[in-house]
1. Accessible area per residue of the range B:60-124 at 1.4 Å probe, in Å²?
2. Enter the buried accessible area of the B/A pair, total of both sides, probe 1.4 Å, in Å² rounded to the nearest 100.
3. Give me the percent relative contact order of chain A, please, defined on Cα pairs under 8 angstrom at least 6 residues apart.
4. Through the Karplus equation 6.51 cos²θ - 1.76 cosθ + 1.60, θ set to phi - 60°, convert the phi angles of the range B:55-64 into ³J(HN,Hα) values in whole Hz; use x for Gly and Pro.
5. Taking the solvent-accessible surface of protein heavy atoms with a 1.4 Å probe, what is the per residue accessible area of the range A:1-142 in Å²?
6. Where is the GNM fluctuation largest for chain B (alpha-carbon springs, 10 angstrom cutoff): B:43, B:33, B:24?
7. Which parts of the range A:26-62, residue by residue, lose 10 Å² or more of accessible area when the rest of the protein chains are there, as against the chain isolated (1.4 Å probe)?
8. Quick one: Karplus J couplings for the range B:69-84, per residue in order, coefficients 6.51, -1.76, 1.60, θ = phi - 60°, nearest Hz, x for Gly and Pro?
Amino acid sequence: MVHFTAEEKTAVTHVWSKVNVEEDGGEVLGRLLVVYPWTQRFFDNFGNLSSSSAIMGNPKVKAHGKKVLTSFGDAVKNMDNLKGTFAKLSELHCDKLHVDPENFRLLGNVMVIVLASHFGKEFTPDVQAAWQKLVAGVANAMAHKYH
Amino acid sequence: MLSAEEQAHIAQVWDLIAGHEAPFGAELLLRLFTVYPSTKLYFQHLGAFPDEVQLLSHGQRMLQAVGVAVQHLDDLRAVLRPLADLHAHVLRVDPANFPLLIQCFQVVLASHLQGEFTVEMQAAWDKFLTGVAIVLTEHQR
């Protein structure tokens, strides 16, 4: 089980309090689809993904990004029980959606980069470390029920 | 491998780093060691707790090499051969570490450029740095 120190929890919740789940979700998912185009394989029914501007402006990308980031909010509230929190979603992504867990790691890394762009200097190495630990924990929790 | 647009994005971002290789490199190393402590094993010559002077000095060397790569995007293999031999035969860096360095590099870029760090820049730099990592590790066996 992943253990977060008090400082790490503070760093995470402080950053999270300033995240706009609607806008930032679309940006995180959009950047994933642009930087790692093979991830588009899961979104064939999303319409126009033909260019970076099409992807970043795509309403379905924004909507799904919002969904993804909303469930990240659950991670922030349950940092001591990520596996339990994501058990159902893990089953869904394995059994119904057939998503390679490597995608969760890529998404987590993209999220950290987006946070860094929003927070600038405030996103210190220690804050980054706390967030990388959280996104890695979420990625592992999301992969945990795979079989 | 890199389109003309991607090369332009790479050059555009490099213009902001050029002349500041030392502080950028130091921040890169500090993030690498803080977020991924196992990477410190490859830098034991900097001591157990590298100080700012060492980070600036070594960081500058690393970023200057990136700068050389930026000037030779069409010729990475030839220009990086000596560094490839170093990383493969002398340093023997496990290739799994390069994505960790690349993640920290992107975070450095994002935190400095902030709103100006477009998705196109992120994509171009991810592709470029991944290409550099491939060149630096391809002679390992």
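The values are calculated or read from the model by the stated rules, or taken from the named source; none is laboratory data. All of these numbers come straight from a predicted model, not from anything done at the bench. Don't worry about glycine lacking a Cβ; one is built from the backbone with ideal geometry, like all the others, and counts go over all protein chains shown. All accessible areas refer to the heavy atoms of the entire protein, side chains included, with ligands and DNA or RNA removed. Shrake-Rupley method; radii C 1.70, N 1.55, O 1.52, S 1.80 Å.
1. Working: 3150 Å² over 65 residues.
Per residue, the range B:60-124 has 49 Å² of solvent-accessible surface.
2. In total, this chain pair buries about 1700 Å².
3. The value is 32 percent.
4. 5, 5, 5, 6, x, 4, 4, 5, 5, 5
5. Values: 6820 Å² over 142 residues.
Result: 48 Å² per residue.
6. Checking each option, the largest mean-square fluctuation is seen for B:43.
7. Buried by the other chains: A:31, A:34, A:35, A:36, A:52, A:56.
8. Whole-Hz 3J(HN,Hα) from phi for the range B:69-84: 4, 4, 6, 10, 4, 8, 9, 4, 4, 5, 6, 9, 3, x, 5, 4.
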